[in-house]
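A quick write-up on the structure given underneath.
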Amino acid sequence: MAWFKKSETAAKIPPTKALWQVCPRCKSYIAKDEWKANNAICPVCNYHGRLGARARIAQLADEGTFTEVFREVSYSDHLDFHDATGAYKTKIDATIAKSGENESVVVGTAKMGGIPVMLGVMDFAFMGGSLGTGTGERIARACEQAIAERRPLILCSASGGARMHEGILSLMQMAKTSAAVGRLKESGLPYISVLTDPTTGGVSASYAMLGDINITEPKALIGFAGRRVIENTIHQKLPPDFQSAEYLLAHGFIDKIVERKDLKAFIVKMLGYFGFAA
């Protein structure tokens, strides 16, 4: 027997969070540098952690080719919304100051494998990736620019749903973005939708599921209403893997589960099938 054996039990004194990332699934401690270099994927259990918009853009776009557009389009507090925890404007301004972003989706032109594309990436860290008026406007404009410049559209979704702070105008973005995607398809351009963890609510019920190809990462949560809401409504217990990427693939809701390390190569391959090449 080897004189040294790694303990199976959790450390009594956990390493500092400044140095380590704790995997949410297997609870392994991963050096933060290793976690970042591995694109937020656990090397022990292959858990795919959530990526911010900028990190995912860096992973997908050819280096130095991403140019952000529509940065001036942001949120609208037309209701002067307040709830028990405070004003919407106060919350979102704090989020903007902390994140450096001013909406839940970042869109721009880029190249992937040398192919010019229109790329949009949602960031769950920004108000839960919620679909607000600014989000919908950016996606609609991205579709219009894609049509004008004959670029395929790639959207990466990560959202808890519509931003209810903005009321009915937030829900209207579901129809607005769906119509914009419809115009893109009528022009003969492909739309590849990447559903990441989580993609739920009004986003999953609109543009996220309208791709010519819908793909997702392993174990991603994808659905509309939450498990507890559904179980309390139908008074039945749902399967353990309900609303997982694997469950949706088995039931025909998505086309492919792709690991993050293979995502860019897979999208470039799909664009080739649509007749786009560098």
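Quick rundown of the values:
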item	result
Residue tally, condition outside any helix (DSSP H, G or I) and touching a residue at least 60 places away in the same chain (Cβ under 8 Å), over region 50-73	6
Count - residues of region 92-122 that are of a type outside the set (A, V, I, L, M) and outside any loop (DSSP other than H, G, I, E, B)	9
Residues of region 47-86 satisfying the condition of being within 25 Å of residue 36 (Cβ to Cβ) and of a type in the set (Ser, Thr, Tyr)	47, 65, 67
Unique match (being among the aliphatic types (A, V, I, L, M), in contact with a Gly (Cβ under 9 Å, 6 or more places away or on another chain), buried (at least 22 other Cβ atoms within 10 Å of the Cβ) and not in a strand (DSSP E or B)) among 268, 203	203
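Okay, residues lined up against (1) hydroxyl-bearing (Ser, Thr, Tyr); (2) within 22 Å of residue 130 (Cα to Cα):
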| position | (1), (2) |
| --- | --- |
| 31 | no, no |
| 36 | no, no |
| 42 | no, no |
| 47 | yes, no |
| 52 | no, yes |
| 64 | no, no |
| 69 | no, yes |
| 73 | no, yes |
| 76 | yes, yes |
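Matching residues to (1) over 26 Å from residue 153 (Cβ atoms); (2) in a helix (DSSP H, G or I):
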position: 215; (1), (2): no, no
position: 229; (1), (2): yes, yes
position: 241; (1), (2): yes, no
position: 248; (1), (2): no, yes
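Each reported figure results from applying straightforward, stated rules to the coordinates on display, with no laboratory input. Not measured: the values here are computed from a predicted model. Backbone-built Cβ (ideal geometry, glycine too); neighbour counts: all protein chains shown.
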